[in-house]
Amino acid sequence: MQILALGAHPDDIEIFMFGTMAAYAAQGAELTFAVATDGARGGKSDPAVLARVRREEAMAAAALLGAAPRFLDFPDGELVADAALIGALKTLIRETGPELVITHAPNDYHADHRALSDGVRIAASFAVPVLHADTMGGTGFAPTHYVDISAYQDIKTQAILMHRSQRPEQYVDRARIQNEFRAGQCNAVPGSLAEAFRFEPTFPFADIRALLPPAPPVRPVTPQTNIIGEAG
């Protein structure tokens, strides 16, 4: 399989979908990580220096899975779903030939995330299905699919920590809390972790379950009740 992951900034793939990318890698999929902006406004350092540092961080994280990194280098904080972005995304999709594209949700917290989501939807058209990753904190997000990332938490943490310029410990904590919650929604066993996604069917893509790594296994719900007369 060919999977294209698209993040607006150099650490977005790692925070929102890296566990799923690791699951794909374990299945032998070929991964392309694409970053839409240069990340130059992600700190107080000189923008040119920060852009270079963040590119290096993204490359190091992608290398953990053997993913091919691509950089579109649009200005950080100024992304819009205009002809330039859509054209660049169409070229990227044509060159990489993915069977599935994964990117931000259209209602995520950052304007660059929302612009990229809109641009991907237009660029993908009916050439490839688009799957939306969870929002920051899960705000306003109603998942349709889950991926069990319990076995890949360590490498996801390692990938996030590659982004030293971004005080990454905060994102490690945020991601783990969110992934624990999403696994809980699936009634997964304690200690499980899951990443959540949403798919909006559009012709000719109605069902993408065969394109996804396994979800947490379904467990029966057994009510815990006391026997009458039993203490407690």
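Just so it is clear, none of the values below were taken in a lab; they were calculated from the coordinates. Just so it is clear, the model here is predicted, and its values are computed rather than measured. No Cβ is skipped: glycine too gets one built from the backbone with ideal geometry, and neighbour counts run over all protein chains shown.
Laid out as a table, the results:
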item: Over the stretch 1-111, relative contact order from alpha-carbon pairs under 8 Å, at least 6 apart, %; result: 37
item: Average silhouette area of the stretch 86-159, convex hull of alpha-carbon atoms, in square nanometres; result: 6.0
item: Space enclosed by the convex hull of the alpha-carbon atoms of the stretch 43-92, per residue, Å³; result: 88
item: For the chain: relative contact order, % (alpha-carbon pairs under 8 angstrom, 6 or more apart); result: 22
item: Correct choice for Cα extents along the principal axes in Å that was computed from the model, options (1) 55, 46, 29; (2) 72, 43, 32; (3) 69, 50, 28; result: (2)
item: In the stretch 1-93, the GluC sites (Glu not before Pro) that fall in loop regions by DSSP, at most 16 other Cβ within 10 Å; result: E78
item: Electrostatic dipole magnitude of the chain [Cβ: Lys, Arg +1; Asp, Glu -1; Cα centre; debye, to 20]; result: 40
item: Span from the the stretch 112-134 Cα centroid across to the the stretch 28-42 one, whole angstrom; result: 14
item: Cleavage-rule hits (trypsin sites (Lys or Arg not before Pro)) in the stretch 1-85: DSSP loop, at most 11 neighbouring Cβ within 10 angstrom; result: K44
item: Charge dipole (debye, nearest 20) of the stretch 1-93; +1 at Cβ of Lys and Arg, -1 at Cβ of Asp and Glu; result: 100
item: Packing-based ranking, highest mean first, of 164-177, 130-143 given that Cβ atoms within 10 Å are counted; result: 130-143, 164-177
item: Potential extension, T144-Y109 segment - 0.36 nm per residue separation minus Cα distance; result: 10.6 nm
item: Student exercise, the stretch 26-74 dipole from Lys, Arg, Asp, Glu Cβ charges, in Debye to nearest 20; result: 140
